[in-house]
Amino acid sequence: MNDTTQNNRPQPEPRPLFVAVGPAGSGKSTAAAWVPVDAVVCLDELRREISGGNPGDQSVTPAAVARQNSLLDEHLAAGRSVFVDSTNVEPHVRAGLLELARRHGRPAFALRFTVDLDTCLARNVQRSDDRRVPEATLRWQHGLAQEATAEALLREGFTEVHDLPGIAPAAGEGIMSMDDALAPERIADAVAVLRKAQEGDQQAHKDLGAYFPGYESLVMQTDHVRYLELAARAGLEATHLLIMNIDSDVWGASVDTYTCDLGRPLASVALGDYTSRTEAVRETVRAATENGWRLAPEHEWADFDCGGGEIHIPIYPRPVSG
């Protein structure tokens, strides 16, 4: 039977495999933060894991690809939807991914990242040394991506093809690509400026642009609904809710956001002040879950007795393999 089970109940549609097709710097990792999937498999992260810290180490690419395909096989077998975060500009690479989807009876959606070459080159220059792609390689990737037209991809066997020309961070929208991560030596100064700005220092607020170009609206966001939306689109990872006793009868609550690359808090936004610890926990958990965050069960909460009963409530990120 095609659409129903024997007891006449509709069967859910099989979840797709999303395959990014685009050169370095075209916004694939940015998209991975908001494409509605169960898991992301990132080839750069697998190279980083296998090489011991270098996402650009091409010598480990065969091992990373093998690991990628193993993870995809695992996710697809479990019924999960998956985003493949790698260039996939070569037809034979896409053929292997299509075969994986067919083997599990899953539709495959191609996402074409159609950012112009000059933009990709400009972003590439800003990358850290271990993530910068040789210019000749990037030009080659871009040329192959141009050849991967919607018609060509449909002929290859993709179920659907979607163009994503607007994936680049937009000025004033508070969106940051992980390709634009700060150099490690600037992190401490950046965090210091951020904290001062959040405390009301006007000069620090003006200086934010030097560290966080294009997403000052995120780091200074006070509307937690808007903040959670922007953080997800920017590829930032909210790690925990924080409940802390501020004064004798005032409990503060906030959500802290980090990036995988930086490993440091980049932004923290207040969710409100409350008159009791119970109210702070209840309202904070409600605000977070209503905005799509998946919180750890209560037995995983960390209760730090720092004189005021500080509580960290972990937030589970979307799984990223790598």
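Side notes on the structure shown:
- The residues of segment 69-172 have, on average, 49 Å² of accessible surface per residue, using a 1.4 Å probe with all protein chains present.
- Here the label points at residue 80 and residue 125, each 7 Å from Cα along the C-beta direction, are separated by 3.8 nm in the simple model.
- Of all accessible heavy-atom area on segment 26-149, the percent that carbon and sulfur account for (1.4 Å): 52
The values are calculated or read from the model by the stated rules, or taken from the named source; none is laboratory data. What you see is a predicted model; the values in this text were computed from it and never measured. Cβ coordinates were reconstructed from backbone atoms using ideal geometry, including for glycine residues, and neighbour counts include every protein chain displayed. Areas reflect the complete protein model, heavy atoms only, side chains present, ligands, DNA and RNA absent. Shrake-Rupley method; radii C 1.70, N 1.55, O 1.52, S 1.80 Å.
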